[in-house]
Structures are given as structure tokens and as C-alpha cells.
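A.B. asks: Handing you this structure, nothing more for now.
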Amino acid sequence: MSVSLVLIVVMAVLFACGVYAMLERSLTRVLIGFLLLGNAVNLLLLIVMGEPGVAPFFGAAESPDEMSDPLPQALTLTAIVITFAVSAFLLALIYRSWQLGQADTFVDDEADRAVREGTADVEETMDDETEIELEDDDATTDFVGTDTAPITVLGSRDVPGLRDDAPVDRPQRDRGSDGTGDDA
């Protein structure tokens, strides 16, 4: 098995450029870097696959050594789907950040700078976050059991034409001959 040195060099360059592009603060460059990394992974899987062979179907080859390995092909398809999904997500993030701020870059705020420079008191910052979480717990509302509940559960007794034969987790009662559950 001899792998072309050109494929290995191209894969290494794609990995290097992808990692470099992902270290930028611009979301567009992060997207380009991620796409480069996705293509580098696909090339890596192509290199790992080895020499091409006969399709891996029963009876297509006389010995298993003549067949190509289907695992790298399946991994390549999976890598393509994951790259597409994450790229779509990053495109949505880029579009939303452009809508909100007319830019796709992340800017450091004062707290980020203070943490980076070591001037921020980490204990104080953690205490502030805990206080915010406790305040949020009090703000949530549970509507269960109140008259203003947004959801009303209807049963067969509430609406005459409603059949209530959905599966439930509790044990079923013995049903009468008419199927209503009344034995009398």
C-alpha cells in the first residue's frame, strides 16, 4: 500500500490552515476554518482507506483481501453530514450577529479583559453569578394547580365526543362489555 505523498501534504496544509482560521475572532473565518478542517478529515479518511478494491458485497470478490474497507466510507459520509450541520449552524450565527451588530466579530468586554489580565477577583465574580442564579429561581412560575394554568387537560368526561383510549402508564381497569369501564 503506497499513499501518495501529495495527499498527505495537502491534508496537513488543510489542517494547519483550518486551525489557524478558527483562531480568529471573526465568525466568517471560523466558518472557513471549520470547512477546511472538514475537508482535511475527509482526506484523512481517504488516505486511511487504502487501496481501492471491489465493492464489499457478498460474492463480488473471490477473497476478502480484494474488497475495499467500508468503514472509512461510512465515516466519510458521517463527517460530511456533521460538517454540513455545523456549517449551517455557524451560518445562522453569522447572520444573526450581522443583524444585531453589523459585524461578525466578537469584542472583549471589560470583564473578559480583567480576567485575562488577572485583575479581576474570581471569587467575587463567582459570588455575583450565584446571586443571579438565585434571583432567577424566584422568578420562575409553575402553573400546575392554579386557575390561570395555560394548559387545560381534557378527558372523556369533559367532552362527550372525545374518545379517551390513549395508552397510559398506570394499570388499566377491567372494562365492561360496552368498553366504557363501567361493569354495572
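A.B. asks: If we only count helices (runs of 4 or more DSSP H) wholly inside region 1-113, which ones have 1 or more residues that are in contact with a Leu (Cβ under 6 Å, 6 or more places away or on another chain) and among the polar types (S, T, N, Q)? If you could, list the steps in order and put the result at the bottom.
C.D. replies: Numbers: elements: 5-22, 27-49, 70-101.
Per the criteria, 27-49, 70-101.
A.B. asks: Could you tell me whether A12 is open to solvent by 40 Å² or more (accessible area, probe 1.4 Å) and in contact with a strand residue (DSSP E or B) (Cβ under 6 Å, 6 or more places away or on another chain)?
C.D. replies: no
A.B. asks: Please verify whether region 40-50 includes one or more residues that are within 30 Å of V107 (Cβ to Cβ) and touching a Lys or Arg at 6+ places or on another chain (Cβ under 7 Å).
C.D. replies: Looking only at region 40-50, we keep the residues that are within 30 Å of V107 (Cβ to Cβ), and these are 40.
Within this subset, residues satisfying the condition of being touching a Lys or Arg at 6+ places or on another chain (Cβ under 7 Å) are none.
For region 40-50, residues within 30 Å of V107 (Cβ to Cβ) and touching a Lys or Arg at 6+ places or on another chain (Cβ under 7 Å): absent.
A.B. asks: If you don't mind, another one. Suppose we filter R25, R29 for residues that are open to solvent by 60 Å² or more (accessible area, probe 1.4 Å), of a type in the set (K, R) and modelled with pLDDT under 85; which single one remains?
C.D. replies: Details: R29 fails: modelled with pLDDT under 85.
Exactly one residue qualifies, and that residue is R25.
A.B. asks: So which residues in region 50-101 are surrounded by 12 or more Cβ atoms within 10 Å (Cβ to Cβ) and touching a residue at least 40 places away in the same chain (Cβ under 8 Å), if there are any at all?
C.D. replies: Within region 50-101, G50, A79, I80, I82, T83, V86, S87, L90, L91, L93, I94, S97 qualify.
The values are calculated or read from the model by the stated rules, or taken from the named source; none is laboratory data. Quick caveat, the model's predicted, so the values are computed rather than measured. In this analysis, Cβ positions are derived from the backbone assuming ideal geometry, glycine residues included, and neighbour counts consider all displayed protein chains. Only protein heavy atoms, including side chains, enter the accessible area calculation; ligands, DNA and RNA are left aside. Shrake-Rupley method; radii C 1.70, N 1.55, O 1.52, S 1.80 Å.
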